[in-house]
Amino acid sequence: MRIILTLLRKDFANFIRDKAAVSLTFLVPVALIYIFGQVFGLNRKDSGPTGIRLAVVNQSDNPAAQQLVDALKAEKSFRVLTNRVNPDKSERPLTEEDLRPMIRNRDFRFALIIPRDVIATRGVGLHLRILSDPRNDIETQTVNGLLQKAIFSNVPQLLGQSLQTSARKHLGNPRLDQFNGELAAAVTKAFGGDVEETKQALAEGDFGLSALGAAGQSGQQGASADFFAKVVKIENEQVVGKDVKSPEATRVVGGWAMMFLLFALSHSAAAFFEEKKAGLFQRLLSAPVRRAHILWSRFLYGVLLGLVQLTALFFAGRLMYGIDVLGNFGNLVVVCTAAAAACTAFGMLLAAISPTAAAANGLATFLVLTMSATGGAWFPVSFMPEFMQTIARFTLVYWSMEGFSQVLWAGQSFLQILPTVGVLLGITAGVMAVAVWRFNRGAIFD
Amino acid sequence: MLKLDRITKRYGTLTALDGVSLEIAPGEFFGLLGPNGAGKSTLMSLVAGLRAPEAGRITLDGRRVTAADPATRISLGLVPQAIALYEDLSAEQNLQIFGELYGLRGPDLRARIDEALEAVQLADRRRDQVKTFSGGMQRRLNLVAALLHRPRLLLCDEPTVGVDPQSRNAIFDFLEARVRAGLTVIYSTHYMEEATRLCSRIAIIDHGRIHALGTLDELLARLPFRDEISFPATPATAELAARLAAHGQIIRDGGTHRFRPATAFRTSAFYALAESLALPPRLFVTERPTLEALFLHLTGRTLRE
Ligand SMILES: Nc1ncnc2c1ncn2[C@@H]1O[C@H](COP(=O)(O)OP(=O)(O)O)[C@@H](O)[C@H]1O
Ligand SMILES: [Mg+2]
């Protein structure tokens, strides 16, 4: 027992000395718990995604359609766009013709069209159209659910009008008026209220269905939702990725790729310390070798290794899951290179700012996990609160995933991926500048 | 060939070298003898241009050595104190890389690698990973790796630490042969035996200062005694020890007394005293003093604390 206690004390003494281990044990879990908590909406009244851009084109002049638009605007999951900003900063309402190119251009991933014939002229029912770029499966399913919810809770109004419209067609105006009057009289007689008001309400399509809608919305009434689903016809059109051969695999492969790359990042940080420990820097620098040679050869090594690793991964994905790697191969290589460069730069920065290899490893683990979580490698960025989404845009994971999706999912051209590649290379340049500066001032070459 | 002129180097508040001046001629086997932390490695790193001194200048063949100018480095080779090899690679691959960094290529480089491996008896292990080598083998490879480009000045920073006697001798023989062939060597060590055996001139360094500089004989002549007489510390010799205290320095070293006679005290007087105390001459061993004794005399400390 004494022996066990002594050894136990030794383990704790070692642990407390190892700052990297201590911070890994406590800091990393806390940071990740925070991020996951944000994603799953812990302690937030309104969980779920926020700020997903949704373009809405309302072609109907029906006031109830406008109500639906307003309802969507009030929904915090969506940021509703109804106008298009011209190059000269002036705005005009979006038209249906704008939507597809803008989706392809990644301005937004979802659009709702409320057509002129939202209320069927034949028979009873509603008709809506949704355009989408379902580049992320989870997000797309969630958005579809939210849209349905918003539509269904506004359906009663629209549906009532649909009933009135078809009644008018079958009965003619005077007889419908008479019918509404009699019905209003009957209703007020049975339930109380003002006859004229009730008649007016009926003419506007309010058959009390909104109560039904409210029930459907709260989810207690599966039957009413079913009923709506039969009456409301939503036409879905996938704008991007229709021809992707293996959509499921193609959508997730970017996240996998990032994990691979980020682990290479930790590796490149640690290797630096190995060389330092062995006195190899002294040997190298006593030869006609400059610090810059060592730094940039390491950088190139990291980039090439990352590139080879990613290529291997994508070809494995092609073999096992049929991901179409070759279709846009040139651009894929460009994105991979830029992503690998950004990752390598981060690895070098870690080596430059860490006092020891253990600290570099600890920092790398922390950075890999938090960047993956915030940057969207594990779950859609749109599921995080808006401020986290802003932070996400500062991670290389976010831009790399964007690049992979642009190339593999949307099949974009070199010109189209250029801005994303530019951001990645910008990150690389910025991070490398800091790393080189730190290397030249820091102790690693001492 | 190499000249250090009042070199001062600090790490923060610690002064690692304090106004060190040295001049080393071509073909010298120059020893830097001092304990850990004396500043030996710092001096080597300054000569190799890895660091810049805060004050003073270093010139190699009249050309100033600076951290920024790699031109002088081609004429010197550094054997770092740590084993600076890629241990996952083979001996051959290591030499290949270091040779290429000096611009060596092709058959010339291959011939030099063969020669180097041969010289330190590693030819039969050339394709093995360095990490499978014994400490002594790694040290030998560490040494020849600095010589591929045939520098004229070799900086050896404690090249025998942790080495078995056989490898140590192989390293000594190798270096001596090279010096005979015209190489200039600066050799740092905290083993006085190494400095004694190898070096034509020795600098004794401690706390960043050179305390003495010269050939072995010149250095030992600075001691106030010439010989050291030791004898067992027993009740029978206690009287002798007590009486000798008046004639020099007497040190109790475990079971032995060491007597360092004052210059005026002649050896004959010693034996007369011993005889008067009925102590037989076979009890006494007379030795030439060592650099260890000189170091103690100069600094009041031992080389290995
Ligand atoms: N990179 C460094 N940073 C701070 N202090 C150092 C550094 N290198 C050596 N020192 C200190 O400088 C002194 C001389 O060190 P060094 O030149 O390595 O001595 P030696 O090689 O003779 O053992 C020592 O006190 C050591 O602790
Ligand atoms: Mg040293």
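Every condition in (1) within 15 Å of ligand 1 (Cβ to nearest atom); (2) among the aliphatic types (A, V, I, L, M); (3) within 14 Å of another protein chain (Cβ to nearest Cβ) holds for B:Ala68 except the one numbered (1). For the stretch A:246-289, the candidate set comprises residues that are touching a helix residue (DSSP H, G or I) at 6+ places or on another chain (Cβ under 8 Å) and of a type in the set (Lys, Arg); within that set, the residue that is farthest from the other protein chains (Cβ to nearest Cβ) is A:Arg251. Taken together, B:Phe225, B:Phe295 contain a single residue that is at pLDDT below 85, within 33 Å of the chain's Cα centre (by Cα) and open to solvent by less than 50 Å² (accessible area, probe 1.4 Å), which is B:Phe225.
The set of residues from the stretch B:185-221 being part of a loop (DSSP other than H, G, I, E, B) and either within 14 Å of ligand 1 (Cβ to nearest atom) or under 25 Å from B:Gly255 (Cβ atoms) (or both) comprises B:His190, B:Tyr191, B:His207, B:Gly208. From the list A:Met388, A:Met371, A:Met384, the lone residue that is touching a Pro at 6+ places or on another chain (Cβ under 9 Å) and at pLDDT below 90 is A:Met384. Considering the conditions (1) surrounded by 16 or more Cβ atoms within 10 Å (Cβ to Cβ); (2) modelled with pLDDT of 80 or more, A:Ile444 is excluded by exactly one of them, (2). Count of the stretch B:119-165 residues, restricted to those that are within 16 Å of ligand 1 (Cβ to nearest atom) and open to solvent by 30 Å² or more (accessible area, probe 1.4 Å), is 2.
The rows are residues; the columns are (1) within 30 Å of A:Asn14 (Cβ to Cβ); (2) open to solvent by 50 Å² or more (accessible area, probe 1.4 Å).
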| residue | (1), (2) |
| --- | --- |
| A:Ala358 | yes, no |
| A:Asn361 | yes, yes |
| A:Thr374 | no, no |
| A:Ala377 | no, no |
| A:Glu386 | no, yes |
| A:Gln389 | no, no |
| A:Ala392 | no, no |
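Where helices (runs of 4 or more DSSP H) fall wholly inside the stretch A:1-116, the ranges with 3 or more residues that are farther than 28 Å from A:Met388 by Cβ are A:2-17, A:63-74, A:96-104. Among the residues of the stretch B:291-305, are any among the polar types (S, T, N, Q), more than 23 Å from B:Asp217 (Cα to Cα) and outside any loop (DSSP other than H, G, I, E, B)? No, the stretch B:291-305 has no match at all.
Residue count for the stretch A:399-424, restricted to those that are out of contact with any Ser or Thr (no Cβ under 8 Å at 6 or more places or on another chain), in a helix (DSSP H, G or I) and surrounded by 16 or more Cβ atoms within 10 Å (Cβ to Cβ): 10.
How about the stretch B:222-273: which of its residues are assigned to a strand (DSSP E or B) and under 12 Å from B:Phe284 (Cα atoms)? Give the steps one after another, and end with the answer.
First pass over the stretch B:222-273, keeping only residues assigned to a strand (DSSP E or B): B:228-232, B:248-253, B:256-261.
Once the filter is applied, which keeps residues that are assigned to a strand (DSSP E or B) and under 12 Å from B:Phe284 (Cα atoms), the stretch B:222-273 yields B:Glu228, B:Ile229, B:Ser230, B:Phe231, B:Pro232, B:Thr256, B:His257, B:Arg258, B:Phe259.
Only one of B:Ile171, B:Ile186 is in contact with a Phe, Trp or Tyr (Cβ under 7 Å, 6 or more places away or on another chain), open to solvent by less than 50 Å² (accessible area, probe 1.4 Å) and not small (Gly, Ala, Ser). Can you tell me which?
Details: B:Ile171 fails: in contact with a Phe, Trp or Tyr (Cβ under 7 Å, 6 or more places away or on another chain).
From the options B:Ile171, B:Ile186, the qualifying one is B:Ile186.
Just give me the residues in the stretch B:19-45 being away from ligand 2 (no atom under 13 Å from the Cβ) and of a type in the set (A, V, I, L, M), in sequence order. Across the stretch B:19-45, the qualifying residues are B:Val20, B:Leu22, B:Ile24, B:Ala25.
Evaluating B:Ala38 against the criteria (1) within 20 Å of B:Cys156 (Cα to Cα); (2) within 9 Å of another protein chain (Cβ to nearest Cβ); (3) of a type in the set (Gly, Ala, Ser) leaves one unmet condition, (2).
The values are calculated or read from the model by the stated rules, or taken from the named source; none is laboratory data. All figures in this text were calculated on a predicted structure; none of them were measured in a lab. Positions of Cβ are generated from backbone atoms using ideal geometry, with glycine treated the same way; all protein chains shown enter the neighbour counts. Accessible surface is based on the protein model in full, side chains and every heavy atom, while ligands, DNA and RNA are left aside. Shrake-Rupley method; radii C 1.70, N 1.55, O 1.52, S 1.80 Å.
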